[in-house]
Amino acid sequence: MSKKWIAAVVLSWGVAGLLFAAEPEWNAANIKACDRACLVAIMDGYMAAIYKHDPKAVPALAADVRMTENTGHMDVGEGMLWRSKVEPTSFHLYVVDPVSGQVALQARVKVQGRDTLIAIRLKVDRGQIQEIEQLWAGNINAAPIPLLTMPRATLTTDLPVSQRDSREVLLRAANSYFDALEGDDGKIAAFADDCVR
């Protein structure tokens, strides 16, 4: 072995040691949970980037972020919602799950001036977006627009803790909807008496 090769190896080990030494030690106190407000802020930042057509304005993305639109895999900045003029309306609902680090938005937006329903889900881990799922449906009939102007208060008002069901019950209720679709029987699902679909 030459002296130059040995010197290069020693130098690279030294540089690697400095890089590893620069990393902070593990401390659980440094971990900041992303609560409801945090997840909603990330979703709002994502939507603001769509409205501006600026993928660089998207909140922090994981290196291996995965995005789909209407089940098709694509990169951030691609797809109908990124390419079209999209404008918000007064109808939007957040569904936030800090336990799993996920936030979803259901909304009526204007795409090229036409009413369009969207559902967007983000999976967030350590402040970075890992998954983006976008669904949209255009050609909305004008008849339901009055129901899609302002969300009903029951959908936007937090229940007192004493009236909340357990997480397990909520998951079962949500899954009952898919059971009803597969079983072609609305009685299977946990629909409220005044549910409007």
Sorted on mean Cβ neighbours within 10 Å (highest first), peptides 163-172, 119-128 come out as 119-128, 163-172
If each residue of separation counts as 0.36 nm, what is the full-extension length gain between residue 137 and residue 93 once their alpha-carbon separation is subtracted? 14.2 nm
How charged is the neighbourhood of residue 96? Take every other residue with its Cβ under 9 Å from the Cβ of residue 96, and add Lys/Arg as +1 and Asp/Glu as -1. -1
Just the ratio, please: alpha-carbon radius of gyration of the chain over 2.2 N^0.38 Å, N its number of residues. 1.40
What's the Kirkwood radius of the stretch 38-85 in Å, using all Cα pairs? 11.2
Cβ-based net charge around residue 32, under 15 Å, with every Lys or Arg adding one and every Asp or Glu removing one: 0
What does the charge count around residue 187 come to, taking other residues whose C-beta lies under 13 Å from its C-beta (Lys +1, Arg +1, Asp -1, Glu -1)? -4
Relative to the longest principal axis of the C-alpha atoms of the chain, give the angle of the C-alpha long axis of helix 36-52, reported between 0 and 90° and rounded to the nearest 10°. 90
Report, by chain and number, residues whose modeled amide H sits under 5 Å from the one on residue 70, excluding near sequence neighbours (fewer than 5 apart, same chain). 134, 135, 136
Only Cα pairs within less than 10 Å get springs; with that Gaussian network setup on the chain, which residue of 68, 154, 89 has the largest fluctuation? 154
Helix 167-183 sits off the longest principal axis of the Cα atoms of the chain, rounded to the nearest 10 on a 0 to 90 degree scale, by 60
Angle check, please: helix 3-22 long axis (alpha carbons) against the longest principal axis of the chain (alpha carbons), in degrees 0 to 90, nearest 10. 40
Pseudo-spin-label distance residue 165 to residue 60, built 7 Å along Cα→Cβ, given in nm, is 3.6
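Taken together, the values in this text are just the output of simple stated rules run on the coordinates, not laboratory data. What you are looking at is a predicted structure, and each value in this text was computed from that prediction instead of being measured. A quick note on method: Cβ atoms are made from the backbone with ideal geometry, for glycine too, and the neighbour counts reach across all protein chains shown.
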